[in-house]
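This report concerns only the one structure given below.
The values are calculated or read from the model by the stated rules, or taken from the named source; none is laboratory data. From a predicted model like this one, the values you see are computed outputs, not experimental measurements. For neighbour counting, all protein chains shown are included, and Cβ atoms are generated from backbone atoms with ideal geometry for every residue, glycine included. Areas reflect the complete protein model, heavy atoms only, side chains present, ligands, DNA and RNA absent. Shrake-Rupley method; radii C 1.70, N 1.55, O 1.52, S 1.80 Å.
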Amino acid sequence: MDKIITKDILVANTIPTAQYTYMYSNNVDGGIEGAVETLESKLKYPIFVKPVVGGSSVGVTKATNRATLKQGLELASAFNSRVII
């Protein structure tokens, strides 16, 4: 299941869903500090980080601060080329 497409469908049909964004794994690899700053400006902790595909619990992190957000981005990036946050 593609979690981004699922979220987009929910939003398009006015079904309540948590605020989200996504990024490509190479954005994480190329500049994790910038990625974290961008995410922190858009979302409030706790922030859940998941690979876009791969099940509901594979590579998932509940980030409660900057350090765990970085770890979550790195972990999710290891499982898929796109990460939903």
* Structure fact -> Of the residues in segment 58-82, those that are farther than 12 Å from Tyr22 by Cα, open to solvent by 30 Å² or more (accessible area, probe 1.4 Å) and outside any loop (DSSP other than H, G, I, E, B) come to Lys62, Arg66, Ala67, Thr68, Lys70, Gln71, Glu74, Leu75, Ala78, Phe79
* Scan of segment 1-14 for residues that are open to solvent by 80 Å² or more (accessible area, probe 1.4 Å) and either outside any helix (DSSP H, G or I) or among the aromatic types (Phe, Trp, Tyr) (or both), ordered by number -> Met1, Asn13, Thr14
* Asked: Which numbered condition trips up Ile85, out of (1) in contact (Cβ under 8 Å) with a residue 40 or more places away in the chain; (2) open to solvent by 30 Å² or more (accessible area, probe 1.4 Å); (3) closer than 17 Å to Tyr20 by Cβ?
  -> (2)
* Restricting attention to segment 29-80, report how many residues are under 21 Å from Met1 (Cβ atoms) and either β-branched (Val, Ile, Thr) or in contact with a Phe, Trp or Tyr (Cβ under 6 Å, 6 or more places away or on another chain) (or both). => 11
* To do: With the checklist (1) assigned to a helix (DSSP H, G or I); (2) over 12 Å from the mean Cα position of the chain (by Cα) in hand, flag the one item Thr17 doesn't pass.
  => (1)
* Filter segment 21-57 down to residues that are open to solvent by less than 60 Å² (accessible area, probe 1.4 Å) and in a loop (DSSP other than H, G, I, E, B), then give me how many there are. => 7
